[in-house]
1. Given contacts defined as C-alpha pairs under 8 Å and at least six residues apart, what's the relative contact order of the chain, whole-number percent?
2. Please determine, in degrees from 0 to 90 and to the nearest 10, the orientation of helix 65-75 with respect to the longest principal axis defined by the Cα atoms of the chain, where the helix direction is its Cα long axis.
3. Put +1 on the Cβ of every Lys and Arg and -1 on every Asp and Glu Cβ in the stretch 2-104; which of T64, G87, S51 then has its Cα farthest towards the positive end of the dipole?
4. Let me know the charge dipole size of the chain about its Cα centre in debye, to the nearest 20, where only the beta-carbon of Lys, Arg (+1) and Asp, Glu (-1) is charged.
5. Which three semi-axes in whole Å describe the equivalent ellipsoid of the chain, each the square root of 5 times a Cα gyration tensor eigenvalue, listed largest first?
6. So if R0 is 35 Å, what FRET efficiency would R16 and R99 give, r being the distance between their Cβ atoms, rounded to the nearest 0.05?
Amino acid sequence: GLLQDTLVVWMGEIGRTPNINNRSGRDHYVRSWTTALAGGGVKGGLVYGESDDDGVDVKSDQVTEGDFFATIYTTLGIDPKAENFSGVRPIPLAPFGHRVVRDILT
């Protein structure tokens with residue numbers, strides 16, 4: 001079906017602080033956040049990674065931004081090590097040293 005050929009990505013660019021601030025709200029938090037993937041090449045019903053009990057730090061299976069994009073590119077059939085060029089300057093699709101998170105792929 002359509003979902004097998006389509007990768008759905010639900011995410012924000014940041015998380016929110018685990019603790020409520022003095023204005024009864026939460027601030028931007030870049031150390032830990034949630035993303036959901038469905039369809040196109042990813043396993044369903046899987047939770048990958050874990051934060052500590054307070055949601056402050058990543059406890060296991062950390063995924064960097066580069067890892068995330070390398071994995072997305074792989075599901076789309078794009079080589080994550082490929083580079084685009086702006087003039088003569090190479091611009092990598094995913095940062096150097098990335099890894100594909102194969103545990104979540106079908």
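Laboratory data are not the source of any read-out in this text; all were calculated from the coordinates shown. Bear in mind that the values here come from a model prediction, so they are computed numbers and not experimental data. Positions of Cβ are generated from backbone atoms using ideal geometry, with glycine treated the same way; all protein chains shown enter the neighbour counts.
1. 23 percent
2. The helix 65-75 is inclined about 50 degrees to the chain.
3. In the stretch 2-104, that residue is G87.
4. Dipole size: approximately 200 debye.
5. Equivalent ellipsoid of the chain: 28, 19, 13 Å, largest first.
6. E between R16 and R99, to the nearest 0.05, is 0.85.
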